[in-house]
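Working notes, beginning with the structure itself.
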Amino acid sequence: MTKVFGYELKRLLTSGLFLAMLAVNAVFAWYILTTEIIEGIAYTAPFSVWSSCAYIGKTLPISIITVLLIQAGYYGKQQKRVEILTSATPISYAQTVLIRTAVLSVCFFIIYLVIGLLGAIFYAAFFGYYGFGAFILPALLEMIPCFLFAVGVGHLAGRLHCSLIYALLPVVFIVGFVGGVSGAFDLFGGGFFSTYPLTLPVMPDGDPAFVVNSVWLLARMIYLLAGTGAIFINIATRPKLTRA
């Protein structure tokens, strides 16, 4: 199982698709930083937790599109050839799904390692700000439920037909950039963190205190559980979804 994970990860990290999309994510993240975050989000400081969360939320649609594009490869014709090489390894279908999810997790982590590094460079260079520790937990609360929800839906869609994953791409784009679920149930969080601070009282330092309401936390939990549940439903219902 470890060897298969290592093989899949190495194959993916050296693929042209991943490297190209990593560059796209980096360029887009820098664009968001220098055009929107630099002005501050919802009248907060550019280096506030609010602006940092908005930054993560605004970059999530592109990173999720990247993950779905990679995931589509697991259900395409080319993957069938790869499975011939790994079929000799005694791993179950459940292990295969978990390995693929783990590989996608590493790729997602690398993308946000780059995005986070760009944010750190931006804050240090433009504002001399280095207090990045306060950004980590809110960012994880945004990123992890969103990632697991997308991957879970992607696995189910791919099992039915590879083209359904590609059909999800415009949905992600519309929800992320044109407008979708708003408020606390905003999947990516960019819209929520761009508007919610406007409803809070301003502190003496000029920014509202960073606090998220219970509805937002509930929404993240729902997305987290839904995504995790979709992954295990995919595993449990394999005989029903697999074509003869």
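The values are calculated or read from the model by the stated rules, or taken from the named source; none is laboratory data. This structure is a prediction, so every number in the text was calculated from the model and none was measured. Ideal geometry is used to build each Cβ from the backbone, glycine not excepted, and the neighbour counts take in all protein chains shown.
Output the residues belonging to the range 192-221 that are of a type in the set (Val, Ile, Thr), out of contact with any helix residue (DSSP H, G or I) (no Cβ under 6 Å at 6 or more places or on another chain) and touching a residue at least 24 places away in the same chain (Cβ under 8 Å). Show your work before the answer.
Keep residues of the range 192-221 that are of a type in the set (Val, Ile, Thr), which gives 195, 199, 202, 211-212, 215.
Right, trim to out of contact with any helix residue (DSSP H, G or I) (no Cβ under 6 Å at 6 or more places or on another chain) and you get 195, 199, 202, 211-212.
Correct list: Thr195, Val212.
Tell me yes or no: at least one residue of the range 136-159 is without any contact (Cβ under 8 Å) to a residue 40 or more places away in the chain and more than 21 Å from Ser52 (Cα to Cα). Spell out the reasoning first.
In the first step, residues of the range 136-159 are kept if they are without any contact (Cβ under 8 Å) to a residue 40 or more places away in the chain; the result is 136-137, 140, 157.
Subset that is more than 21 Å from Ser52 (Cα to Cα): 157.
Looking for residues that are without any contact (Cβ under 8 Å) to a residue 40 or more places away in the chain and more than 21 Å from Ser52 (Cα to Cα), one finds at least one in the range 136-159, hence yes.
Of these, Ile115, Ile99, which one is within 16 Å of the chain's Cα centre (by Cα) and either exposed (fewer than 13 other Cβ atoms within 10 Å of the Cβ) or of a type in the set (Val, Ile, Thr) (or both)?
Working: Ile99 fails: within 16 Å of the chain's Cα centre (by Cα).
It is Ile115.
When Val24 is evaluated against the numbered criteria (1) under 20 Å from Phe108 (Cβ atoms); (2) buried (at least 22 other Cβ atoms within 10 Å of the Cβ); (3) not small (Gly, Ala, Ser), which criterion, by number, is the only one it fails?
Result: Val24 passes all but (2).
Given the criteria surrounded by fewer than 18 Cβ atoms within 10 Å (Cβ to Cβ), within 22 Å of Ile144 (Cβ to Cβ) and not hydroxyl-bearing (Ser, Thr, Tyr), does Leu19 qualify? Spell out how you get there, then give the answer.
Details: surrounded by fewer than 18 Cβ atoms within 10 Å (Cβ to Cβ): yes; within 22 Å of Ile144 (Cβ to Cβ): no; not hydroxyl-bearing (Ser, Thr, Tyr): yes.
No: the conditions fail for Leu19.
Using beta carbons and a limit of 6 Å, which pairs, at least six apart or on different chains, have the first residue in the range 98-114 and touching a residue at least 12 places away in the same chain (Cβ under 8 Å) and the second one among the polar types (S, T, N, Q)?
Between residues of the range 98-114 that are touching a residue at least 12 places away in the same chain (Cβ under 8 Å) and residues that are among the polar types (S, T, N, Q), the close pairs are Ile111/Asn25; Ile111/Ser63.
Can we say Phe210 is closer than 17 Å to Ala54 by Cβ and crowded, with 17+ Cβ neighbours inside 10 Å?
Details: closer than 17 Å to Ala54 by Cβ: yes; crowded, with 17+ Cβ neighbours inside 10 Å: yes.
Yes, satisfied.
How many residues does the range 20-65 hold that are among the basic types (Lys, Arg) and without any contact (Cβ under 8 Å) to a residue 40 or more places away in the chain? Break it down into steps so the answer makes sense when it comes.
Initial filter on the range 20-65 (among the basic types (Lys, Arg)): 58.
Narrowing the set further to residues that are without any contact (Cβ under 8 Å) to a residue 40 or more places away in the chain leaves none.
Within the range 20-65, residues that are among the basic types (Lys, Arg) and without any contact (Cβ under 8 Å) to a residue 40 or more places away in the chain number 0.
If a residue has to be over 16 Å from the mean Cα position of the chain (by Cα) and either part of a helix (DSSP H, G or I) or surrounded by 14 or more Cβ atoms within 10 Å (Cβ to Cβ) (or both) to count, how many in the range 147-188 make the cut? Show your work before the answer.
First, the residues of the range 147-188 that are over 16 Å from the mean Cα position of the chain (by Cα): 156-164, 166-167, 178-184.
Filter once more, keeping what is either part of a helix (DSSP H, G or I) or surrounded by 14 or more Cβ atoms within 10 Å (Cβ to Cβ) (or both): 156-160, 162-164, 166-167, 178, 180, 183-184.
Selection size over the range 147-188: 14.
Counting residues that are at pLDDT 95 or above, which helices (runs of 4 or more DSSP H) fully inside the range 22-141 reach at least 2?
Values: elements: 49-73, 77-86, 93-127.
By residue number, 49-73, 93-127.
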